[in-house]
1. When you check Leu44 against the structure, is it surrounded by fewer than 16 Cβ atoms within 10 Å (Cβ to Cβ), within 24 Å of Thr106 (Cβ to Cβ) and in contact with a Leu (Cβ under 8 Å, 6 or more places away or on another chain), yes or no?
2. Any chance you could count how many residues in the stretch 97-123 are part of a loop (DSSP other than H, G, I, E, B) and at pLDDT 95 or above?
3. Would you please list the contacts, defined by Cβ atoms under 7 Å and residues six or more apart or on different chains, that run from a residue in the stretch 1-30 that is without any contact (Cβ under 8 Å) to a residue 60 or more places away in the chain to a residue that is assigned to a helix (DSSP H, G or I)?
4. Identify, from the list Glu80, Glu85, Glu37, the residue that is surrounded by 15 or more Cβ atoms within 10 Å (Cβ to Cβ), acidic (Asp, Glu) and over 13 Å from the mean Cα position of the chain (by Cα).
5. Tally up the residues in the stretch 8-34 that are among the hydroxyl-bearing types (Ser, Thr, Tyr) and surrounded by fewer than 16 Cβ atoms within 10 Å (Cβ to Cβ), please.
Amino acid sequence: MDWTLEVVILPVSDIDRSIAFYRDQVGFTLDHDTKTEQMHVVQLTPRGSGCSIVFGDLPSQNQMVPGSMRSLQLVVADAEAARQELLDRGVEASEIMVFSPDDGGTFFSDPDGNTWAIQQLKVRGQKPLIPVDHRGRFGA
């Protein structure tokens, strides 16, 4: 049986500001932005990921302090390219830290102070965790 992690709740103080940051600056895909009289819930997914972030104003989403998530980790095949993409989009990212010839990374924070690590694993360039078919669709 597969056990997949597909959603991480992210504590934020301003839903619209967080949408703009993660969609427009970091480059996550906005999967849905659902508003009713009772709630506002948003889901965004990093390109190539099977796991999304969700934030909103439901009671269960407000149990953590905004900015309290530490070291959520994204994995890329090329940390230099990922860092440059963030910088080009106006996101402050740390210098690359190299741990081994195939592993290194950069770090950034969202407007609330939730922190992210971007780890380079060169093998992801040849062997992604989620296969993509020749048309660029997941699940090949």
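The values are calculated or read from the model by the stated rules, or taken from the named source; none is laboratory data. Just so we're clear, the structure is a prediction, and the values are computed from it rather than from any experiment. Virtual Cβ from ideal backbone geometry, glycine too; neighbours counted across all protein chains shown.
1. Criteria not met by Leu44.
2. Residues flagged as part of a loop (DSSP other than H, G, I, E, B) and at pLDDT 95 or above within the stretch 97-123 amount to 5.
3. Every condition considered, the pairs that remain are Ile9/Gln61; Phe28/Tyr22; Leu30/Ile19; Leu30/Arg23.
4. Within the list Glu80, Glu85, Glu37, the selection yields Glu85.
5. Residues meeting the conditions: 3.
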